[in-house]
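The values are calculated or read from the model by the stated rules, or taken from the named source; none is laboratory data. Because the structure is a prediction, the values reported are computed rather than measured. Virtual Cβ from ideal backbone geometry, glycine too; neighbours counted across all protein chains shown. To get the accessible areas, we keep the full protein, side chains included, count just its heavy atoms, and leave off ligands, DNA and RNA. Shrake-Rupley method; radii C 1.70, N 1.55, O 1.52, S 1.80 Å.
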Amino acid sequence: QVQVVESGGGLVQAGGSLRLSCVASGSILSINAMVWFRQAQGKQREWVTTIASGGRTMYADSVKGRFTISRDNAKNTVNLQMNSLKPEDTAVYYCKVVADATEYWGKGTLVTVSS
């Protein structure tokens, strides 16, 4: 069994920064990719950023240049540094871990950006 837990959400003013973390624990042989999604109230869940096992990163256009994803393979952890936050970044942020050909999701952490 694999557990995925996000942390670091909170309330921040526009222009501010937050750092989210996601830890995967349990019976893991190999993590392929770690991914952040977000879902704003009343909207569909959208992809934010991915970091592959080799370190390659990809970002949605809406966050490119403001968000940075990084991972610590030894700790099965992925971080999301979010800078220059905007009110439209307000959402529940979910971490997805692709490990051993299976996808595991966390329960999410709420980020609220006030104007």
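Could you list, in sequence order, all residues of the range 102-115 that are outside any strand (DSSP E or B) and of a type outside the set (S, T, N, Q)? It would help to see each step written out before you state the result.
If we filter the range 102-115 for residues that are outside any strand (DSSP E or B), which is where we start, we get 106-108, 115.
Correct list: GLY106, LYS107, GLY108.
When TRP47 is tested against (1) in contact (Cβ under 8 Å) with a residue 24 or more places away in the chain; (2) assigned to a strand (DSSP E or B), only condition (1) is not met.
Entry remark, the range 26-52: residues being surrounded by fewer than 14 Cβ atoms within 10 Å (Cβ to Cβ) and at pLDDT below 95 number 4 in total.
To keep it simple, each residue is scored yes or no on (1) crowded, with 19+ Cβ neighbours inside 10 Å; (2) under 13 Å from the mean Cα position of the chain (by Cα); (3) among the charged types (D, E, K, R); (4) under 20 Å from GLN44 (Cβ atoms).
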residue	(1), (2), (3), (4)
VAL63	yes, yes, no, yes
ASP72	no, no, yes, no
ALA91	yes, yes, no, yes
TYR94	yes, yes, no, yes
THR109	yes, yes, no, yes
SER115	no, no, no, no
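Residue pairs whose Cβ atoms lie under 6 Å apart, sitting 6 or more positions apart in sequence or on different chains, and linking a residue in the range 1-22 that is modelled with pLDDT under 95 to a partner that is loosely packed, with under 13 Cβ neighbours inside 10 Å, are GLN1/GLY26; VAL2/GLY26.
Among the residues of the range 1-17, those identified as open to solvent by less than 30 Å² (accessible area, probe 1.4 Å) and not small (Gly, Ala, Ser) are VAL2, VAL4, GLU6, VAL12. Taking each residue of the range 89-101 that is outside any strand (DSSP E or B) and looking for partners that are open to solvent by 30 Å² or more (accessible area, probe 1.4 Å) and of a type outside the set (Val, Ile, Thr) with beta-carbon atoms closer than 6 Å, six or more apart or interchain, yields ASP100/LEU29. Against the list (1) touching a residue at least 60 places away in the same chain (Cβ under 8 Å); (2) surrounded by 14 or more Cβ atoms within 10 Å (Cβ to Cβ); (3) out of contact with any Phe, Trp or Tyr (no Cβ under 8 Å at 6 or more places or on another chain), the condition THR68 fails is (1). Out of all the residues in the range 6-21, is one or more at negative phi and touching a helix residue (DSSP H, G or I) at 6+ places or on another chain (Cβ under 7 Å)? Yes, the range 6-21 contains a residue that is at negative phi and touching a helix residue (DSSP H, G or I) at 6+ places or on another chain (Cβ under 7 Å).
Restricting the search to the range 52-87, which residues are of a type outside the set (Ser, Thr, Tyr), in a strand (DSSP E or B) and either in contact with a Leu (Cβ under 9 Å, 6 or more places away or on another chain) or under 15 Å from ARG19 (Cβ atoms) (or both)?
Here is the first cut: in the range 52-87, the residues of a type outside the set (Ser, Thr, Tyr) are 52, 54-56, 58, 60-61, 63-67, 69, 71-76, 78-83, 85-87.
Filter once more, keeping what is in a strand (DSSP E or B): 52, 58, 67, 69, 71-72, 78-82.
Result: PHE67, ILE69, ARG71, ASP72, VAL78, ASN79, LEU80, GLN81, MET82.
When the test is whether a residue is in contact with a strand residue (DSSP E or B) (Cβ under 7 Å, 6 or more places away or on another chain) and either modelled with pLDDT under 95 or at positive phi (or both), GLY65 does not pass it.
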